[in-house]
Every structure is written in structure tokens, then in C-alpha cells.
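To keep things clear, I will list the structure first and then write my remarks on it.
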Amino acid sequence: MSIIRSDSLALHVTNADQQTALADTLALYRRLVRDLMTVTYTHWPQVGVCEGNAVVEVIERLIHPTQKRPQVRYTYFAKRYYKFPSYLRRVAIMDAVGQVRSFVTRFEAWRSGDRKHLHAKPPRLTSSTKTFPSLYG
């Protein structure tokens, strides 16, 4: 039996430069998640069947050029998010897939008639989420 330890520590940002850098990082991360949600929903038939970290591979094949794969479908990501750290990119992909998966589940429930009241509006895919990345010191 293994024991897993997980700590949650607060970031103590002391000066204005650190606050600005943290705010810029958060804004860029949220923009990436929003853009990834669009790609994820567009390719949901391929992405939705994947389990766990397999979704990262599917999305990265669409957005992230490498030496072995220089051509990708969405070149926008390579230009806009050049030199974006891979651990943040992968977390953003998982975040975007989670948001879309939640929407699809709620929408399917709504379509099947599972509603609080008869005239309930369908759920919406909101891309302006207040998500936070995991930041490491």
C-alpha cells in the first residue's frame, strides 16, 4: 500500500513585478484553455472516447509541432503560445477537456429530458472560465 502526500501551499507574492508576472501567466493560461476548448469541442468525436492522459496526445497532435511532426492542423497555437511550458500546456489541455466533457454530459442529460423544470434552457459551453493552473516554485 502506498501513501500519497499532497500539499496545497499559498503563493506569497511580495512585490509588484511578481504580481504582474503572476497575473500575466494566469491570463495567458486562461486564454490557452479557452482556445483549447474550441479545438476540443470541434474534435469531440475523437477526443471524447479517450481516457485519462490519452486526450493530451490527441490534442497535441492537432496543435503542437515537433521535429517528427512539423505540420499540425492548428498552427495558431505554435505562433500564439510559442515557448509555453509543456507541463502548463498539458494541464491546460486536461482542463479544457474536462470543461467540454462536463458540458457534453450536461447537454446530453438535458436532451434526454433530465431537467429541473419543463422550460429549462439548455446548458451552454462557457469558455470564459476562472480556472487556475498548478504553479510550481
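The values are calculated or read from the model by the stated rules, or taken from the named source; none is laboratory data. Keep in mind that what you see is a predicted model, and the values were worked out from it rather than measured. Every residue, glycine among them, receives a Cβ derived from its backbone with ideal geometry; neighbour counts consider all protein chains shown. These area figures cover heavy atoms from the full protein model, side chains too; ligands, DNA and RNA do not enter into them. Shrake-Rupley method; radii C 1.70, N 1.55, O 1.52, S 1.80 Å.
Here is how the numbers come out for the structure above:
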item: Separation in nanometres of the label points that stand 7 Å from Cα toward Cβ, at T42 and H12; result: 4.5 nm
item: Descending semi-axes in whole angstrom, ellipsoid equivalent of the chain, from the Cα gyration tensor; result: 28, 22, 17
item: Phi-based couplings in Hz for segment 48-54 (Karplus 6.51, -1.76, 1.60; Gly and Pro marked x); result: x, 7, 7, 10, x, 6, 5
item: Rounded FRET efficiency, nearest 0.05, which uses the C-beta distance separating D114 from R61 and R0 of 22 Å; result: 0.05
item: Lys pairs, the chain - Cα-Cα below 28 angstrom, 8 or more residues apart or on other chains; result: 6
item: Most to least accessible of D24, D95, D17 (protein chains only, probe 1.4 Å); result: D17, D24, D95
item: Virtual spin-label span in nm between R106 and T20, 7 Å along Cα→Cβ; result: 3.7 nm
item: Computed [θ] at 222 nm, helices only, for the chain once each DSSP H run of length n ≥ 4 contributes -39500 (n - 2.57); result: -17000 deg cm²/dmol
item: Accessible area in square angstrom per residue, segment 31-109, 1.4 angstrom probe; result: 59 Å²
